[in-house]
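Reading through the structure tokens given below for one structure.
Nothing in this text is a laboratory measurement; each read-out follows from the coordinates by a stated rule. Bear in mind the structure is a predicted one, so any value in this text is a computation, not a measurement. Because the Cβ atoms are built from the backbone with ideal geometry, glycine has one as well, and the counts that use them run over all protein chains shown.
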Ligand code: AMP
């Protein structure tokens with residue numbers, strides 16, 4: 001199983017991807033986690049990415065695409081993978097298709113976690129991550145609407161998108177996702 005978990009910031013992508021990767025024994029690739037860990041260890045990638053994460057802006061596509069290209073090569077991806085936080089732009093989605101085609105692979109589906117905006121803002125303020133200040137949240141939501149949301153129609157047109165309502169108990173949402181993964 002190879003799929004993207006998609007949704008606005010605070011939709012619960014990371015939480016669901018972590019549970020599902022355990023349950024399905026597939027890799028969980030989170031670009032946000034890769035950036036945060038690079039920042040923590042002050043690697044060259046971290047130094048480059050920090051300003052973007054702090055501001056709530058997207059790290060440039062060349063950098064992010066390179067990370068995914070490497071991540072897809074790790075052995076734990078053999079069984080399948082969940083992409084969490086990638087792609088976030090149409091250009092990234094197009095690169096992803098090319099990378100997968102090079103490996104004779106393709107996405108099985110894109111799970112769109114649907115959560116209303118008021119709920120999202122409340123969740124993010126509670127979460128209290130470094131980039132969860134009011135100002136950064138509003139930038140991230142704007143970036144989501146401008147650059148990322150168009151991917152919904154992009155993947156819907158390809159017949160890959162499945163909507164799952166992302167409000168409620170974590171377990172119930174996991175079950176809802178699993179039921180659309182294996183119809
Ligand atoms: P996330 O943990 O997915 O909310 O991502 C946190 C931050 O990492 C984002 O606000 C961006 O600055 C950066 N980031 C994560 N994924 C991407 C991506 N696919 N493209 C560009 N920037 C990203």
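Values computed for the structure shown
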quantity	calculated
Mean Cβ neighbour count within 10 Å, used as a protection proxy, ranking 165-171, 149-155 highest first	149-155, 165-171
Region 97-155-region 35-65 distance, computed between alpha-carbon centres (Å)	17
Cβ crowding within 10 Å averaged over residues, with 63-69, 118-124 ranked highest first	63-69, 118-124
Cα gyration tensor shape for the chain, rounded if a/c is under 1.5, else prolate or oblate	rounded
Calculated [θ] (222 nm, deg cm²/dmol) that DSSP helices of n ≥ 4 give over the chain, each run adding -39,500 (n - 2.57)	-16500 deg cm²/dmol
Overall form of region 85-181 per C-alpha gyration tensor (a/c, 1.5; a/b vs b/c)	oblate
Length-normalised contact order for the chain - Cα pairs under 8 Å, 6+ apart - percent	34
Packing rank of 88-99, 125-136, where each peptide gets the mean count of other beta carbons within 10 Å, highest leading	88-99, 125-136
Percent of C-alpha pairs per 5 Å bin, region 9-79, short to long	3, 15, 22, 23, 20, 12, 4, 0
